[in-house]
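Peer 1: Mind having a look at this structure? Questions to follow.
The values are calculated or read from the model by the stated rules, or taken from the named source; none is laboratory data. Here the structure is a predicted model, which is why all the values come from computation and not from measurement. FYI the Cβ positions are ideal-geometry reconstructions off the backbone, even for glycines, and counts take in every protein chain you see. Side chains included, ligands, DNA and RNA excluded: accessible areas come from the protein's heavy atoms. Shrake-Rupley method; radii C 1.70, N 1.55, O 1.52, S 1.80 Å.
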Amino acid sequence: MRLGRMVALAVLGLSVCATGLSAQTGSSAQKDSVRLAALRVAQTRPDSARAMIRRLLAGLSSQDSIYPGVLFTAGRVASDAATAATNLQRVVVEYPRSVWADSALVLLTQLYFAQGDPAATVQAAERLRLDYPDSPLRGRADFWGARAYFDLKDDAHGCPLIREALDGAGADVEFKNQVSFYASRCVSVTVSPPAVATGTAGDTQARPTPPAVTYAVQVLAVKSAAQVDEMLTRLKVMGFDARVVRDTSGLFKVRVGRYATHEDAAQALRRLKTRVGGQPFVVEEP
């Protein structure tokens, strides 16, 4: 009974903070208060917290101002990685303007990294950097994104992130020490300047550039628009860049990504097989 009351009070605090936030959008102090309220719920005994959050979600409208915060908390206290990822991805996809979206992306970078999926880790970290460049959590995402790049043997992309993370560590000594450990590998890493095309003497006309070829992963090919909508929603919630292509065959083809190399597409294919199943395959697109 005491535990349930503690959780209820924490959720009530979440509601009050969200209400104040709607009245004064942009207040960093209120944003921090909302995050802290979620952490109080997340740090309670997991089983009791999960039950409370399930009941709260069931009684809320998805349009309610506190819904994304409760959804974030559901991801934070989930009992398995798949459920956690789905809830956190919903926050990012369905509520990208909420104060929870950047927090959800940071947790996703940690979750994907723990699952041994560096490509997904990088995707989440880069999305936070692109969509929320002023987020105070950017350094955290940079750290996990850099570690993922290092696992992919891509120090040229990892080192700029680890340097950004070090610059943004501030007064957090523990985090700064973690970042510094990985920053040591970047002392001698430099980013090569882009190659400059040169022509031979006497060239009077630029050589034609061959058409660029990209790669995608085809997940589904069906005639039913309903099946397509369901798969698109599912893929986007999971964080994949999904789209529909229709050709002369009349089939709706659901494809993911536009990748510069076949290997990049193959990495995405492996992730899709793990998370979606079926028989996805790599296709070449002009």
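Peer 1: Could you work out how far apart the two model spin labels at R234 and A114 are, taking each label as a point 7 Å from the Cα in the direction of the beta carbon, and quote it in nm?
Peer 2: It works out to 2.5 nm between the two label points.
Peer 1: Further question: With a 10 Å radius around each residue's Cβ, average the other Cβ atoms per peptide and rank 61-67, 85-91, highest first.
Peer 2: Ranking, from highest mean packing down: 85-91, 61-67.
Peer 1: Check the straight Cα-Cα distances from K236 and name the lysines below 25 Å, setting aside those fewer than 8 residues away within the same chain.
Peer 2: Straight-line reach from K236, under 25 Å: K223, K253, K273.
Peer 1: Using a probe of 1.4 angstrom, how much of the accessible area of region 236-279 is carbon and sulfur, in percent?
Peer 2: That fraction is 51 percent.
Peer 1: I need the peptides 96-103, 125-132, 270-277 ranked by packing, meaning the mean over residues of other C-beta atoms within 10 angstrom, with the highest value on top.
Peer 2: 96-103, 125-132, 270-277
Peer 1: Further question on the same structure: Can you run the Rg to Rh ratio on region 220-286? Use alpha carbon positions and the Kirkwood inverse-distance Rh.
Peer 2: Ratio of gyration radius to Kirkwood radius: 0.94.
Peer 1: If you don't mind, there's one more thing I want to ask. What's the long-distance tail for region 125-171, i.e. % of Cα pairs beyond 13 Å?
Peer 2: Percent of Cα pairs beyond 13 Å in region 125-171: 48.
Peer 1: For region 213-243, run through the trypsin sites (Lys or Arg not before Pro) and keep only the ones in DSSP coil with at most 11 other Cβ atoms within 10 Å of their Cβ.
Peer 2: Answer by residue number: K223.
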